Amino acid sequence: MHAWDREREIHNPELYAVWNGKPWLLNQALLHLQTDSNAYDYAFWSDAGSFRDAHAFGAWPDPERVKEVFAAASRRRSQPEASRDGYMVFFPLMKPPGMGEHNWRVEKGPIDIDFSEGSFFGSTPSGIAWLAAAFYAIHDHYINTTPPPQDQHHPHAPATTPGTSRSPPFHFVGKDQTLFNTLMFRHPARFFGVVSPVRAGQLPPSSGVAWISTLARTPPIPTIRVLLAKLVYKVKLYLGERCVDDWYYYQWWLASPEGRRRTEKMRGWRRWRLGMLGGGEECTETGIVRVQWLLESIFGSRWVDNRMAKSNDPF
């Protein structure tokens, strides 16, 4: 497995085990801790190293905030069966898919982009059980299948085994993020998330107008609006217009109002420093992003339907 990792210089097999163990560990914790007298409404995985800045969030994620965002996601769902059983799953989102993903099909393997953030995710106990089962079904499928011959530009691995002419014997499955991404493409109605304010401008317009034809016959062609949004985003990053790090924006987003205020006060020196650079205003709350809406807005509904899992699919 390690030989096929495109980032093998900074990864090792033990890291793959930790990454791929997340859904199992969270599900097992629920199975062992949950009793009739000790029931959980929601459960979350959080990487141990994800809280890198000083904060005053207190009880986090805030229980009332969690109820609020899951209720909002359920109200906005496009397919009632996707969440009536409690299977809505929250993942922070980083970057929307783009041109490179237009030609993706399930046989091409895991999706290697910074779409989902594997450092934090959660759902109801039944949602976590579903996520764990789906995650390991797709993991086992890919580790037991060979990339198509026409796809020797394997998304993770070199074209051949180092020192030989042998092609990849299986899809690389050492990185949990790529499998989470794939599950989002296969079950988009079950997932929702949030993006930071400076990245929100990169999303398709809320009117649902796709970046490309709704027939999805051609690769995505970014509109002037999208290109300008990306330019504005880069300028804002340069000026320091961030209340928190983009990757960890969800921490502020899921905090209580009081926890937000205390944390912003604690980080006031940072806002003052950024203000000297022309940015640094207080945090802005962004809305929920439903993955199905996002993919349909980018690629069109027919594209999404053709890649969604069917009722008899194992994952």
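Data overview
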quantity	calculated
Filter on Lys67/Lys95; Lys22/Lys175; Lys95/Lys310 - keep pairs with C-alpha separation over 23 Å	Lys67/Lys95; Lys95/Lys310
At R0 = 35 Å, FRET efficiency that the Cβ-Cβ distance of Gln28 and Ala72 yields, to 0.05	0.75
Whole-Å semi-axes of the stretch 1-146's equivalent ellipsoid (Cα gyration tensor)	28, 20, 18
Segment Val18-Leu231, extension gain: residue separation times 0.36 nm, minus the distance between their alpha carbons	73.0 nm
Cα-based equivalent ellipsoid, the stretch 1-81: semi-axes from gyration tensor eigenvalues, Å	30, 18, 17
Approximate spin-label separation Asp114-Ser50, in nm, with each point projected 7 Å along Cα-to-Cβ	1.6
Protection proxy ranking, peptides 9-21, 97-109, 283-295, 190-202, average beta carbon neighbours within 10 Å, highest first	190-202, 283-295, 97-109, 9-21
Theoretical FRET efficiency, 1/(1+(r/R0)^6), r = Cβ-Cβ of Met1 and Glu258, R0 35 Å, to 0.05	0.15
Radius 11 Å from Cβ of Leu93, net charge of other residues (Lys, Arg +1; Asp, Glu -1)	0
FRET E, pair Thr145, Glu64, Förster distance 45 Å, beta-carbon r, rounded to 0.05	0.55
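Laboratory data are not the source of any read-out in this text; all were calculated from the coordinates shown. Because the structure is predicted, anything quoted here is derived from the model rather than measured. Every residue, glycine as well, gets a Cβ built from its backbone with ideal geometry; the counts of neighbours run over all protein chains shown.
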